[in-house]
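Step one of this worksheet: look at the structure below.
The values are calculated or read from the model by the stated rules, or taken from the named source; none is laboratory data. Everything numeric here is computed off the predicted structure, so don't read it as measured data. Neighbour counts are summed over all protein chains in view; Cβ atoms, including those assigned to glycine, are modelled from backbone coordinates with ideal geometry. To get the accessible areas, we keep the full protein, side chains included, count just its heavy atoms, and leave off ligands, DNA and RNA. Shrake-Rupley method; radii C 1.70, N 1.55, O 1.52, S 1.80 Å.
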Amino acid sequence: MAKASIVFGQPSGTDNRQRAWLMGDILFLTHRVPWPPNRGDKIRAHHILRKLMQYAPVHLACFADDEKETIEDSVVKTGLASVEIVRRTKSNMQAGIEAIISGKPVSLTSFDSDKIRKYVTDTIKTYNIDCIFVFSGQMAQYIPANFSGRVIMDFADVDSAKFESYADEGAGPMAWVNRREGKMLGAFERQVAERADYSLFVSQAEAQLFRQRSGLDDQKVKAVGNGIDLDFYDPNKAIATELESGGPLIIFTGQMDYRPNIEAVISFSKEVMPDILKQHPDAKFAIVGRAPTADVARLDGQYGTIVIGSVDDIRCWLKAADIVVAPLRIARGIQNKVLEAMAMGKAVVASSAAAQGIEAVDGHHFQVAASPAEEAKRVCELLSDPQNAKTLGDNAAALIRETYSWDHRLADIACLCGLDEPERLEAAE
């Protein structure tokens with residue numbers, strides 16, 4: 001257990017009297033190191049963690065995907081009270097075998113760790129932990145059965161429904177695997193939600209879906225939406241990437257080893273770009289994001305598609321784009337990629353699935369397309385009318401700045417955790 005020299009986000013030795021009578025510490029469990037905030041789940045976990053650290057000491061347990069996600073610098077930067085980071089090395093095959101033997105979902109065996117379990121036990125024994133905040137269902141297995149404090153479960157999305165969708169669309173052994181995962185994970189999600197004081201989801205649509213599946217009401221199942229770092233996603237702070245070839249630039253951003261993103265770009269490249277190229281033969285479709293799989297890499301050079309891979313600053317590509325697309329066929333919750341593009345003042349064409357949960361008006365803040373053919377039609381119309389595209393992007397940016405700041409979105413998170421607002425504490429003194 002590594003201890004930091006900083007608590008409450010302030011150097012040791014500073015006057016913390018205004019927070020001294022707060023409730024006890026918070027234990028924060030998440031399935032990925034919540035920094036840097038460069039993908040959807042890490043972005044949400046990062047901002048919730050930072051918000052909670054304004055109110056109480058926070059102890060973090062999480063998994064690392066690679067060696068770059070080190071402990072030392074990160075602890076100092078984030079001001080955590082203590083931290084346990086475990087490198088996740090278990091293969092999918094090993095997790096699958098363990099799932100079959102144990103009768104558990106693969107989602108749980110993939111993230112099973114004796115080190116995390118010991119850290120949770122030791123932290124609760126050592127510190128006055130009054131609240132456990134769990135981000136992502138995989139980490140709920142670490143909630144001690146005898147813990148008497150408050151438990152907040154942030155599912156973000158209904159993951160079991162995602163696996164059920166995979167099963168419905170697939171065939172053969174993988175359909176069976178996904179159907180089993182959906183069924184077992186769904187049962188686990190309901191069990192956890194019954195145990196938790198509150199279960200959180202990223203949109204009202206996801207929250208309502210879970211209420212229907214679990215039988216729990218809106219007193220226990222709530223929506224806490226994602227926000228945007230408005231200072232970072234400021235179009236005035238980015239310099240557009242320059243491509244050698246001219247012509248309109250359409251881009252997709254995302255983690256490119258994630259199945260819904262892979263399926264989205266394959267569909268857009270093969271089904272949508274041919275129709276776009278008939279009207280705009282010099283158009284380019286750029287796939288921008290980390291870890292492109294072999295299936296994604298093979299799209300490079302086809303139908304005007306270019307595979308970029310990881311970039312240092314996604315804002316430069318967003319700034320350069322004429323249109324940003326989110327053609328996801330399966331999507332859960334809120335698509336951060338859509339919010340980020342809107343914040344940068346870009347015209348966005350999103351599938352119906354990708355637009356779900358975003359509080360925006362079709363045709364005014366973004367364009368929603370119900371099929372690949374409609375995606376092609378909407379993109380072509382915007383490319384042919386740059387002024388309309390600009391107006392759409394301006395409206396989008398105004399909406400994001402008005403309603404999608406993280407402070408606005410997380411305004412109730414402290415109350416759900418049983419914490420007092422700093423302003424009320426100051427007034428009490």
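Looking at (1) within 21 Å of the chain's Cα centre (by Cα); (2) open to solvent by less than 20 Å² (accessible area, probe 1.4 Å); (3) among the hydrophobic types (A, V, I, L, M, F, W, C), which one does Ile85 not meet, given that it meets all the others? Among (1) within 21 Å of the chain's Cα centre (by Cα); (2) open to solvent by less than 20 Å² (accessible area, probe 1.4 Å); (3) among the hydrophobic types (A, V, I, L, M, F, W, C), the lone unmet condition for Ile85 is (2).
Residues that are modelled with pLDDT of 85 or more, assigned to a loop (DSSP other than H, G, I, E, B) and farther than 30 Å from Gln335 by Cα are absent from the range 1-22.
Filter the range 20-70 for residues that are under 19 Å from the mean Cα position of the chain (by Cα) and aromatic (Phe, Trp, Tyr); which is nearest to Leu419 (Cα to Cα)? Looking at the filtered set, the residue picked out is Phe28. With respect to the conditions (1) within 19 Å of Ala45 (Cβ to Cβ); (2) open to solvent by 20 Å² or more (accessible area, probe 1.4 Å), Val151 lacks only one, and its number is (2). For the range 266-342, give me every one of the helices (runs of 4 or more DSSP H) that falls completely inside it and has 1 or more residues that are surrounded by fewer than 23 Cβ atoms within 10 Å (Cβ to Cβ) and among the small types (Gly, Ala, Ser). The qualifying helices (runs of 4 or more DSSP H) are 294-297, 314-320.
Against the condition modelled with pLDDT of 95 or more, open to solvent by 20 Å² or more (accessible area, probe 1.4 Å), more than 16 Å from Arg39 (Cβ to Cβ) and hydrophobic (A, V, I, L, M, F, W, C), how does Val368 come out, does it pass? So Val368 fits the description; yes.
For Lys222, the criteria (1) in contact (Cβ under 8 Å) with a residue 60 or more places away in the chain; (2) in contact with a Ser or Thr (Cβ under 7 Å, 6 or more places away or on another chain) hold in every case but one, which is (2). Scanning the range 344-354 for residues that are crowded, with 24+ Cβ neighbours inside 10 Å, within 19 Å of the chain's Cα centre (by Cα) and not in a strand (DSSP E or B) turns up Met344, Ala354. The set of residues in the range 237-265 being open to solvent by 60 Å² or more (accessible area, probe 1.4 Å) and among the β-branched types (Val, Ile, Thr) consists of Ile239 alone.
Take the conditions closer than 21 Å to Val192 by Cβ, buried (at least 16 other Cβ atoms within 10 Å of the Cβ) and either touching a Ser or Thr at 6+ places or on another chain (Cβ under 7 Å) or not polar (S, T, N, Q) (or both) and apply them to Val106. Does it pass?
On the way: closer than 21 Å to Val192 by Cβ: yes; buried (at least 16 other Cβ atoms within 10 Å of the Cβ): yes; either touching a Ser or Thr at 6+ places or on another chain (Cβ under 7 Å) or not polar (S, T, N, Q) (or both): yes.
Answer is yes for this residue.
Tell me, please, whether a residue that is of a type outside the set (D, E, K, R), under 30 Å from Leu200 (Cα atoms) and under 23 Å from the mean Cα position of the chain (by Cα) can be found in the range 369-383. The answer is yes; a qualifying residue exists. Scanning the range 67-100 for residues that are under 16 Å from Tyr119 (Cβ atoms), at pLDDT 90 or above and either part of a helix (DSSP H, G or I) or in contact with a Cys (Cβ under 7 Å, 6 or more places away or on another chain) (or both) turns up just one, Ile85.
Based on what the data block shows, is Arg195 within 17 Å of Ala140 (Cβ to Cβ), modelled with pLDDT of 95 or more, open to solvent by 70 Å² or more (accessible area, probe 1.4 Å) and under 23 Å from the mean Cα position of the chain (by Cα)? Considered against the rule, which asks whether it is within 17 Å of Ala140 (Cβ to Cβ), modelled with pLDDT of 95 or more, open to solvent by 70 Å² or more (accessible area, probe 1.4 Å) and under 23 Å from the mean Cα position of the chain (by Cα), Arg195 comes out as no. In summary, Pro36 fulfils each of the numbered conditions (1) closer than 21 Å to Phe155 by Cα; (2) open to solvent by 60 Å² or more (accessible area, probe 1.4 Å); (3) at pLDDT 90 or above with the single exception of condition (3).
Kindly establish whether Val307 is among the aliphatic types (A, V, I, L, M) and touching a Pro at 6+ places or on another chain (Cβ under 8 Å). Yes, satisfied.
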